[in-house]
Amino acid sequence: MTSVRSPEPIRVLHVDDDPVFARLAETSLDEMDDGIEVRSENDPTAVLERLSNEDVECVVSDYQMPELDGLALLERVRGEHPTLPFILFTGQGSETVASRAISTGVTDYVSKDGGIEQFELLANRIRGAVEQRRTEQALAEARGGYDRLLETAPDAIFIVDAETGTLVEVNEAAEELLGKPREELRGLHQRELHPSEDRDRYERIFAEHAGCRGVIHDDRELYVVHRDGHEIPVEISAGSLELDGRRLVQAIFRDLTERV
């Protein structure tokens, strides 16, 4: 099992009325990604106070809890923290619950399935959501210059023009992933990152990402091509944003080589 390190820890508040499961989740997430710091809360009615007093970057919540269920908690959190990542992590996996969660503004929805894989998936979704928000916040602050924020991210980030598909900016991790300097990457079409025989497929995938509201996590088998020609499996989290009137796609590529 590979443990991932981040230059800045991701602070997560996990809300579950079952203290035994809460401890299991905390231990498992630490094993999956030691850059994630989990704090537990068994009382959902105490969450807003904790968010006011603690530096939390993501809320992970169960659905079925006494006094306040996960969707009611989501509504309260959205009222005071409209952009804070909120992931519903629940065994109540009905389509109705998922639909209501989406309409209320949930960032992501992960089902409990009883296996260790559920925590690996949850760790990936937490990191993707938080890194997406960190990048968006710094882009808004920096406006014309992305470098300061992009360089803090451990995964490759590509900023792409949503209309033309051309790369606007990349970070150092993207240079390392592809073995190419950013001067060479800027201006390339996004399809040139991928295997040439499947470029039509990647065009369609990019169109999906560009048209998505919020964050999309792509679990399909995806690859980029290194300068030396070898293919690298990646997991992509993407979201669209507007900057100075320009619609952009921000895509985070995580290298999955060690997991294959």
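The values are calculated or read from the model by the stated rules, or taken from the named source; none is laboratory data. Please read all numbers here as calculations on a predicted model, not as lab measurements. Cβ sites come from the backbone with ideal geometry, for glycine too, and all protein chains shown count toward neighbours.
With the structure loaded, tell me whether Arg23 is under 21 Å from Gly214 (Cβ atoms), among the charged types (D, E, K, R) and in the same structural domain as Gly114 (by TED's automatic domain parsing) or whether it fails that test.
So Arg23 does not fit the description; no.
Scanning the stretch 1-20 for residues that are assigned to a loop (DSSP other than H, G, I, E, B) and loosely packed, with under 12 Cβ neighbours inside 10 Å, which turns out modelled with the highest pLDDT?
Among those that are assigned to a loop (DSSP other than H, G, I, E, B) and loosely packed, with under 12 Cβ neighbours inside 10 Å, it is Pro7.
Restrict the check to the stretch 129-139 and report whether at least one residue is surrounded by fewer than 21 Cβ atoms within 10 Å (Cβ to Cβ), modelled with pLDDT under 65 and more than 23 Å from Asp219 (Cα to Cα).
Within the stretch 129-139, none of the residues are surrounded by fewer than 21 Cβ atoms within 10 Å (Cβ to Cβ), modelled with pLDDT under 65 and more than 23 Å from Asp219 (Cα to Cα).
For the stretch 99-109, indicate whether the set of residues that are under 23 Å from Ile216 (Cα atoms), in contact with a helix residue (DSSP H, G or I) (Cβ under 6 Å, 6 or more places away or on another chain) and of a type in the set (Asp, Glu) is non-empty.
Yes, the stretch 99-109 contains at least one residue that is under 23 Å from Ile216 (Cα atoms), in contact with a helix residue (DSSP H, G or I) (Cβ under 6 Å, 6 or more places away or on another chain) and of a type in the set (Asp, Glu).
Going by what's in this entry, would Asp108 be described as acidic (Asp, Glu) and in contact with a strand residue (DSSP E or B) (Cβ under 8 Å, 6 or more places away or on another chain)?
Criteria met by Asp108.
Checking Lys180 against (1) part of a loop (DSSP other than H, G, I, E, B); (2) basic (Lys, Arg); (3) at pLDDT below 85, only one condition comes out false. Which one?
(3)
Being over 19 Å from the mean Cα position of the chain (by Cα) and more than 16 Å from Ile157 (Cα to Cα) is the requirement here; does Arg213 meet it?
Answer is no for this residue.
Can you tell me how many residues within the stretch 225-260 are part of a strand (DSSP E or B), touching a residue at least 60 places away in the same chain (Cβ under 8 Å) and over 18 Å from Ala173 (Cα atoms)?
Residues in the stretch 225-260 being part of a strand (DSSP E or B), touching a residue at least 60 places away in the same chain (Cβ under 8 Å) and over 18 Å from Ala173 (Cα atoms): 7 in total.
Taking the stretch 171-212 only, how many residues are in contact (Cβ under 8 Å) with a residue 24 or more places away in the chain, under 15 Å from Ala251 (Cβ atoms) and basic (Lys, Arg)?
Number of matching residues: 1.
Quick one: in the stretch 222-239, of everything that is closer than 14 Å to Ile157 by Cβ and of a type outside the set (Val, Ile, Thr), which residue is nearest to the chain's Cα centre (by Cα)?
Top of the filtered list is Ser237.
Could you check the stretch 42-62 and list, in sequence order, the residues that are surrounded by fewer than 22 Cβ atoms within 10 Å (Cβ to Cβ) and part of a loop (DSSP other than H, G, I, E, B)?
Within the stretch 42-62, Asn42, Asp43, Glu54, Asp55, Val56, Glu57 qualify.
Which ones in the stretch 240-254 are over 13 Å from the mean Cα position of the chain (by Cα) and modelled with pLDDT of 90 or more?
Leu248, Val249
Given the criterion assigned to a strand (DSSP E or B) and either surrounded by fewer than 16 Cβ atoms within 10 Å (Cβ to Cβ) or without any contact (Cβ under 8 Å) to a residue 12 or more places away in the chain (or both), identify the matching residue among Arg23, Arg39, Arg78.
Of the residues listed, the single one that is assigned to a strand (DSSP E or B) and either surrounded by fewer than 16 Cβ atoms within 10 Å (Cβ to Cβ) or without any contact (Cβ under 8 Å) to a residue 12 or more places away in the chain (or both) is Arg39.
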